[in-house]
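What follows is a set of notes on a single structure, which appears directly below.
The values are calculated or read from the model by the stated rules, or taken from the named source; none is laboratory data. No experiment lies behind these values; they were computed from the predicted model shown. Cβ coordinates were reconstructed from backbone atoms using ideal geometry, including for glycine residues, and neighbour counts include every protein chain displayed.
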Amino acid sequence: MKHTYSLSAALAATFSLTLAQSAAPPTIPTCGVNNLCGKDTPCCSQYGQCGVGAYCLGGCDPRYSYDLQSCVAAPVCKSSDYKLTSLDDVQQNNVYLGDSSNTNWVSSGTPVVYNNQAVLLTMAPDTVGTLLMSTHYVWYGQISATMTTSQGAGVVTAFILMSDVHDEIDFEFVGVDLEHAQSNYYFQGITDYDNEQNLTVSNTVSNTHTYMVDWQPDALTWYIDGKAMRTKNRNETWNATTQQYHYPQSPSRVQLSLWPAGLSKNGQGTIDWSGGLVDWSSPYMQNGYYYASVSEVKVNCYNPPSGFANNNGNKAYYYDSTFGTNDTVCTGNNNTVLASFFATGDNMKEDPNASASASAKTSAATASATPQTVPGIAGGGNAGNAGSTTDTSSGSSGSGNNPGTNGDTGSGSNQGGGNTQFSQGVTQGSSSSQAAPGTKVTTGSAIALVGFFVACLML
């Protein structure tokens, strides 16, 4: 029997441990099943906390927010070929207010430009790595990433699709197994131990590969370098207990990440799956950090599913029900931009700095980022207080030449997280784990409960 974890569930558990260790003030209200956010902090983040501002943007879970309008509508799919050769198109999550016309990616942690060829996802000691999230959502389409992974015990690289209701489609790479990509999927974060399947690939660190998901309403196919490796049909996912198809079916963000699954505060099943505890003095680190490299992401949007009847515009996705299923998704001309980090979907124009000059407002907006306005400032995600470093070394990205060894201005400084966690895809349970059968099942059950508490899936 395969033992795997849903991404959201595992990182939700990590977050809950961090929260319990006083990383986040107890005054931040929590949200989850039968526990909706209140009117003053109406938006339920992917970390299971209620707030305003960035809490109401990407990752905001409408099921546990104050009402369906609390979460800001999500920008619709945009077909594009994104060349990740600079940070010009990346905005930190404590700056981004929802204007997808100005930026296509939001960052947490410390992305680093490598030699004008790629963006490195870095992970230094005392951080939880780096996460890039697309500002535009995808509701069916072809989505690919050209990348290399990191390596080492406890180190996980991920390329996933994640919806606000925690539908999930994954490529994940465990740093102790460089010959497999783990494919996985989830419906609303519900743990299913039979969803994961290993796909054979040549060395994921020294060789650059293109990983692609072809996501259609009735079938899901994983590709590596243009070769179909696995297909899952929707009609194979029927669950007799819930009387639903447990198939990813809601608008999702593209997420690329590098994160430390092998932390001592994580569950033993998570640690075992990832190959053990992270070694922060590993030779796989360069300039003080682990790294993965992403050079290109392509998105080819598909039309809404046949019979789609909730077309009220073409700018944004939103839900007309807390069920969060395919038939509750709507498109409209909704505003997607908040006036400040104090605004919400219920009050888009709230801005205590409205009388300030434009430049002063920008500064004030960033400075006003708090645990209640930006998820991750304390305990629930990576605050993203870095992201402008540049690597100018002469090595070749993705060639196994250790980018960053000859002059990275980032210098491996411990920026962007401390003891925080961000949410991203975690499909745990690999044939390389060597964990004793039963260990992961027990841990997974506990994680699943926490996952449901926070909306389930995560940093």
Residue 137 surrounded by fewer than 24 Cβ atoms within 10 Å (Cβ to Cβ), at pLDDT 95 or above and not in a loop (DSSP other than H, G, I, E, B) | no
Scanning the stretch 314-333 for residues that are of a type in the set (S, T, N, Q) and not in a strand (DSSP E or B), the one farthest from residue 63 (Cα to Cα) turns out to be 314
Checked pairs for the stretch 97-111, first more than 18 Å from residue 316 (Cβ to Cβ), second in a strand (DSSP E or B) and of a type in the set (Ser, Thr, Tyr), C-beta under 6 Å and 6 or more apart or across chains, list as 109/130; 110/122; 110/130; 111/130
Here is a list of conditions, (1) surrounded by 20 or more Cβ atoms within 10 Å (Cβ to Cβ); (2) part of a strand (DSSP E or B), and residue 247 meets all of them except one; can you say which number that is?
-> (2)
Output for the stretch 264-303, where each listed residue is in a loop (DSSP other than H, G, I, E, B) and either among the charged types (D, E, K, R) or within 21 Å of residue 189 (Cβ to Cβ) (or both) = 265, 266, 267, 274, 279
Residues in the stretch 140-151 that are assigned to a strand (DSSP E or B) and among the polar types (S, T, N, Q) total 4
Looking at residue 72, is it closer than 17 Å to residue 339 by Cβ and out of contact with any strand residue (DSSP E or B) (no Cβ under 8 Å at 6 or more places or on another chain)?
-> yes
Say whether the condition of being at negative phi, of a type in the set (Asp, Glu) and surrounded by 20 or more Cβ atoms within 10 Å (Cβ to Cβ) is met by at least one residue in the stretch 293-316.
-> no
Before we move on, is residue 186 surrounded by fewer than 22 Cβ atoms within 10 Å (Cβ to Cβ) and touching a helix residue (DSSP H, G or I) at 6+ places or on another chain (Cβ under 8 Å)?
-> no
Within the stretch 156-169, is there a residue that is crowded, with 24+ Cβ neighbours inside 10 Å and farther than 26 Å from residue 199 by Cα?
-> yes
Go through the stretch 93-108 and give me each residue that's touching a Leu at 6+ places or on another chain (Cβ under 6 Å) and either among the small types (Gly, Ala, Ser) or in a strand (DSSP E or B) (or both).
-> 98, 105, 107, 108
Give the residue, chosen from 53, 38, that is within 26 Å of residue 345 (Cα to Cα), surrounded by fewer than 23 Cβ atoms within 10 Å (Cβ to Cβ) and either modelled with pLDDT of 85 or more or out of contact with any Ser or Thr (no Cβ under 6 Å at 6 or more places or on another chain) (or both).
-> 38
